[in-house]
Each structure stands twice: as C-alpha cells, then as structure tokens.
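Okay, so here's the structure we're looking at.
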Amino acid sequence: MASILIVDDAKNIRDHLTSYVRGLGHRTKGAGDAREALAALAEDRFDLVISDVRMPDMDGLALLREVRGRRPDAAVVLMTAYATVPQAVEAIKAGAYEYLVKPFTLEQVGLLLDRVLEVQRLRHEVVSLRQALDEPALLDSTTPTMQQALATARQAAASDVTVLLTGESGTGKNVLAAAIHAWSPRHARPFVTIACTTLAEHLLESELFGHMKGAFTGAWKDKPARIAAAQGGTLFLDEVGDLPQPVQGKLLRFLEERRFEPLGGTETVEVDVRMIAATNRDLEADVRAGRFREDLFFRLNVVNVTLPPLRERRADLAALTDHLLAVVAARHRRAPLHLAPEARRVLTGYRWPGNVRELMNTLERAVVLSRGDTIRTEDLPDRLLAPAPVAAPATPPTDLSLEELERRHIQQVLGDSTTLEEAAARLGINATTLWRKRKRYGLD
C-alpha cells in the first residue's frame, strides 16, 4: 500500500481520481491547489504526488520543483489537457516521472501507478542495501563503552598488531573484525575467517594448516592451508577459545614465527598475515583452569577490545533497530516497514540475552510475518511479550558440578524454545556451539 497525494483544482476530477486510487488499496489525500498540497506534504510522507499543471497562484511545474526540494524521495506525475512538447521536456528535466495527457482512462492511471510504485520500491531497496553495505550499524554508537571499543579498534587497525575481540555471543565481534581489516593497510588483500567451533580437532588442524595426501585416513589429496589463503591480508579466528590443546600449540608457533608445516608435510611455509581472534569465553579463567595455553593467550591478547552487550547499549537500540529493520526488509524485498509504538516499547524493554544477533533474528521474523507496512506486537516472538521473570531467592550450594548445571540449563532452554536458533540466541551462544553441546550432553 502506497501513500498518494492528488492535486487538482477541478473538484470532480480530484474526487474521481482519489476514489479510484483508494479502491486500488492505496492511502490517498486530495488537495485543491499547490499551497494545500505543500501543507499536506509538511504533515505526511507521500510516495507519489499526482498534480495538474494549470492551477491558480502556483502551477504544477512550480509545485514539482517544491516537491523535489522538500521530498526528493517522492515521485511526481503531472497531468494536463494542454500538453506541448517543450512543456513536457521541461517537466521531465525538473524531475517529473511521467506526463499524463488528459483525457485519460482509469486503466491508464492504474498501469501508471504500477510502474511508478515499482520504481519507488526498487529505489528504496537500493538505498537500504547501500546503507547496509556502507554504514554498518554496529560501528555507530553513542554509548561511551562502545565508542571506546571502536576508537581502540580503529587505532589498532593502522598497524599489524594482533587484536583479541571479546564479548558475549552476538555482540558484533565478526562485524568489527571485518571493519578492522577494512580500516587497515591490508584492506585490498584477503580477509579469511575460520570458525574454530565447527570442526573436529584433526579437521580443524587440517583446515588451518593444510595437509598432504595420505596424512590421515580420508586424506585422498593435498589440501591447501586456509592460513595461506590470507597471504598479505587478515586471518580471523572466530571463537578461538574453543581451540583444542594440540592445535593451540601449533597456532602459537605460527604466531611466533609466521611459518608452519602442513599435516604430513616436511616443507615449511611462510605466510605474511595479520591476526585477529575473537571469543565469548573468559580466556583468563580458562588459562587458570588449564584449558587454554597461557603463552598463546599472551600472544593473542596484545590489543584487547571488549564489546559491551546490547543491554548496556540502550541509547543505541532505537537507531540500531531502525537500521536492521531497513536491511531485513530490503533483503526480503519488502517496502520500508515501520514499528508500531507498542512494538517499539516491547523491543526497548527486552534484555536481549542474544544481543544484536537475537535482535536481527527477531526483526527478520517480524518482517516475514507482518502483513502491512507496520510491525505490531503480534508479529514479535512470545518470549518478548512475556513478563520478565522474578528473580528466584538465593538457594544453598548444591553438589552438582558446573558441567551438570550447564547440561540442565541447556535442556530447559531447549524445551522452552521452538528452534535450535532460538535456543542459541537465548543462551547467548551460536547455533553450532549449541549443537555440539547438545551432542556432548546427549540431549538429541
């Protein structure tokens, strides 16, 4: 449904057109002259203005110029019974989409509307996609902790120093890693990401360092190292805290020497890469517990950038929501959508344990399920609408191990969630990590 303003000093034509266009399902408003039209434009946003050319005081061409200046995103169609070639050329040069000559049929108007609104939809989609590419929403913040994190990242990007990104799952570590590469002198070279949670130990080692034919069962041919694919650019290790101990040792050597040998190989390969790592774990606690090598931690933790959770970025939530909504709507080929005030209040009041990733998934669900141009509370997941749980009174210590507590908590969240992705968002981890934990605890 589009919003259309019809301007004509002839009341019968204006009313007839307004009634017809409204019957096509669009929101319409009529104006008797240019000044009345400008007043309507000041109060409301219109996708299309259809105006007569010959009107008292201010004609249609003058109105066209005013509309282009005040509402450049609105399309303008001029109509007249006194068409001349020079006048038509002047109108098109001034920015009119079409020049409609009276008398015309309602069928002509309907076909014209289809063409104009399709062009408008494509323009909005292009703008939204450009914003998504050129203005990463996570990199614009009014929150002091986030501003400090971004400032540190920008400063570190200018050198080849190793950067460790920390923070809860879904806070935007992947986006910031890509931004650091884009800000760096290596921006024209490859940016290679390796997810450390997705592969078994020997496969992860093979993915990082490559292997020679026959290095292990199933190695039917040589496999190049992913590290080598980042030559001259940036290597990003996502969820580095989940690296198995044997792979940690080999990675440490590479960080110290910038060289490695493929599995089953004897030839040393030298690679020039910049290293960025990310984790949602407390690596210092893992070092104390013996799960992560202390020497590797110090090699990775040269410059540490910690991203705050979304619940600590309340000042950014409205702008971030609007940006992500525009991106998701464009991705699903929807016209720009708006949030109803009550829906926005629900989003603002929620704690977002899954951070920006959960917000993105929530908006994508709403865009797919909404039927109009406004997202309402009924388009949002039930978990956002439920009242916040009352904190339970402190309970005495139990004899359960931390592992058993985690297993029970995951089991409960899985039972309360409709999809694996929803459960992962509520737990603050990615779906792959949850899948591995579910297998580990036998929760299939």
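The values are calculated or read from the model by the stated rules, or taken from the named source; none is laboratory data. Since the model is a prediction, treat every value here as computed from it, not as a measurement. No Cβ is skipped: glycine too gets one built from the backbone with ideal geometry, and neighbour counts run over all protein chains shown.
Being more than 21 Å from GLY32 (Cα to Cα) and in a helix (DSSP H, G or I) narrows it down to one of GLU90, GLU66, so name that one. Going through GLU90, GLU66 in turn, just one is more than 21 Å from GLY32 (Cα to Cα) and in a helix (DSSP H, G or I): GLU90. The residue pairs whose first member lies in the range 426-444 and is aliphatic (A, V, I, L, M), whose second member is crowded, with 17+ Cβ neighbours inside 10 Å and not in a helix (DSSP H, G or I), and whose beta carbons are closer than 6 Å, counting only pairs six or more residues apart or on different chains, are ILE429/SER169. In the range 276-284, is there at least one residue being in the same structural domain as ASN174 (by TED's automatic domain parsing), of a type in the set (S, T, N, Q) and over 27 Å from the mean Cα position of the chain (by Cα)? No, because not a single residue in the range 276-284 is in the same structural domain as ASN174 (by TED's automatic domain parsing), of a type in the set (S, T, N, Q) and over 27 Å from the mean Cα position of the chain (by Cα).
When ALA177 is tested against (1) of a type in the set (A, V, I, L, M); (2) crowded, with 21+ Cβ neighbours inside 10 Å; (3) at pLDDT below 90, only condition (3) is not met.
Of the residues making up the range 325-334, just one is crowded, with 16+ Cβ neighbours inside 10 Å and not in a helix (DSSP H, G or I), namely ARG334.
Inspection of the range 45-60 finds a residue satisfying the criterion of being in a helix (DSSP H, G or I) and farther than 17 Å from THR105 by Cα. In the condition set (1) in contact with a strand residue (DSSP E or B) (Cβ under 8 Å, 6 or more places away or on another chain); (2) at negative phi, PRO103 is compliant with all but (1).
Which residues, counting only those in the range 69-87, are in a loop (DSSP other than H, G, I, E, B) and touching a residue at least 12 places away in the same chain (Cβ under 8 Å)? Within the range 69-87, ARG71, ASP73, ALA74, ALA81, TYR82, ALA83 meet the criteria. Taken over the range 399-441, the residue count meeting the criterion of being in a loop (DSSP other than H, G, I, E, B) and either in the same structural domain as ASN280 (by TED's automatic domain parsing) or within 23 Å of CYS196 (Cβ to Cβ) (or both) is 4.
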